[in-house]
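Note sheet for the following structure.
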Amino acid sequence: MKTAEIEKISHLDYFNIAISVDCVMLGYDEKELKVLLIKSDLEEFAGLYSLLGDLIRPDEDLETASYRILKDRTGLDDVYLEQVQTFGSIERHPSGRVITIAYYSLIDIKHHKLKLSHNELNWHAVNEIKKWLLIIN
């Protein structure tokens with residue numbers, strides 16, 4: 001019988017995968033569906049917008065991370081998030097192997113005012129988005 005430590009040592013590559021959370025914030029405003037996007041802070045994606053996301057800290061669970069990221073990026077803390085999908089294509093992120101768990105929410109934009117606006121955080125009409133960053137595969 002092996003120990004957890006022996007398994008970790010013998011499978012070191014398995015323990016070098018990052019996990020992130022993306023918050024897909026959808027909202028209605030004047031009968032138009034919008035998505036909340038933020039200007040990417042990665043040089044490789046300069047000038048592009050992305051969903052609200054970040055890596056999960058080693059000491060937090062998935063749900064805690066999703067609400068932390070939403071609050072850190074928007075200032076919102078009164079929104080319900082639902083886990084919707086996991087994405088894990090091998091070369092989907094330039095920093096290395098990242099598995100992303102996506103959470104979403106559908107809100108009335110008028111009743112949830114953004115409390116932060118760094119990195120050009122804004123609502124964008126879904127049908128007007130031409131090119132933006134969403135690494136999903």
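The values are calculated or read from the model by the stated rules, or taken from the named source; none is laboratory data. The structure displayed is predicted, hence computed values, not measured ones. When we count neighbours, we look across all protein chains shown, and the Cβ atoms used for this are built from the backbone with ideal geometry, even at glycine.
A single member of LEU114, LEU106 is at pLDDT 90 or above and surrounded by 12 or more Cβ atoms within 10 Å (Cβ to Cβ), and it is LEU106. Among the residues of the stretch 101-117, those that are charged (D, E, K, R) and either more than 11 Å from TYR28 (Cβ to Cβ) or in contact with a helix residue (DSSP H, G or I) (Cβ under 9 Å, 6 or more places away or on another chain) (or both) comprise LYS113, LYS115.
Within the stretch 81-89, one or more residues are within 27 Å of ILE129 (Cα to Cα), under 15 Å from the mean Cα position of the chain (by Cα) and of a type in the set (Asp, Glu). In the stretch 51-83, the qualifying residues are those that are farther than 15 Å from ILE101 by Cα and of a type in the set (D, E, K, R), and the one that is surrounded by the fewest Cβ atoms within 10 Å (Cβ to Cβ) is ASP59. Taking residues in the stretch 104-131 that are more than 22 Å from GLU82 (Cβ to Cβ) and of a type in the set (D, E, K, R), and partners anywhere that are in a strand (DSSP E or B) and modelled with pLDDT under 90, the pairs with Cβ atoms closer than 6 Å and at least 6 places apart or on different chains are GLU120/LYS39.
Restricting the search to the stretch 1-27, which residues are touching a residue at least 40 places away in the same chain (Cβ under 8 Å) and assigned to a loop (DSSP other than H, G, I, E, B)?
Of all residues in the stretch 1-27, those touching a residue at least 40 places away in the same chain (Cβ under 8 Å) come to 16-27.
Correct list: ASN16, ILE17.
One line per residue, one yes/no per condition, for (1) β-branched (Val, Ile, Thr); (2) touching a Leu at 6+ places or on another chain (Cβ under 8 Å); (3) more than 13 Å from SER20 (Cα to Cα); (4) at pLDDT below 95:
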residue	(1), (2), (3), (4)
GLY47	no, no, yes, yes
ARG97	no, no, no, yes
LYS110	no, no, yes, yes
VAL126	yes, yes, yes, yes
TRP132	no, yes, yes, yes
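Screening LEU26, LEU37, LEU48 for residues that are surrounded by 17 or more Cβ atoms within 10 Å (Cβ to Cβ) and under 19 Å from ASN119 (Cα atoms) leaves exactly one candidate, LEU37.
With respect to TYR28, determine if the residue is aromatic (Phe, Trp, Tyr), within 18 Å of TRP123 (Cβ to Cβ) and within 13 Å of the chain's Cα centre (by Cα).
Details: aromatic (Phe, Trp, Tyr): yes; within 18 Å of TRP123 (Cβ to Cβ): yes; within 13 Å of the chain's Cα centre (by Cα): no.
Spelling it out, it is not the case that TYR28 is aromatic (Phe, Trp, Tyr), within 18 Å of TRP123 (Cβ to Cβ) and within 13 Å of the chain's Cα centre (by Cα).
Regarding the stretch 72-79, can at least one residue be identified that is more than 15 Å from VAL35 (Cβ to Cβ) and at pLDDT below 90?
Residues of the stretch 72-79 more than 15 Å from VAL35 (Cβ to Cβ): 72, 75, 77-78.
Restricting the remaining residues to those that are at pLDDT below 90 gives 77-78.
Yes, the conditions are met somewhere in the stretch 72-79.
Of the residues GLY96, GLY47, which is without any contact (Cβ under 8 Å) to a residue 40 or more places away in the chain and on the phi > 0 side of the Ramachandran plot? Of GLY96, GLY47, the one residue that is without any contact (Cβ under 8 Å) to a residue 40 or more places away in the chain and on the phi > 0 side of the Ramachandran plot is GLY47.
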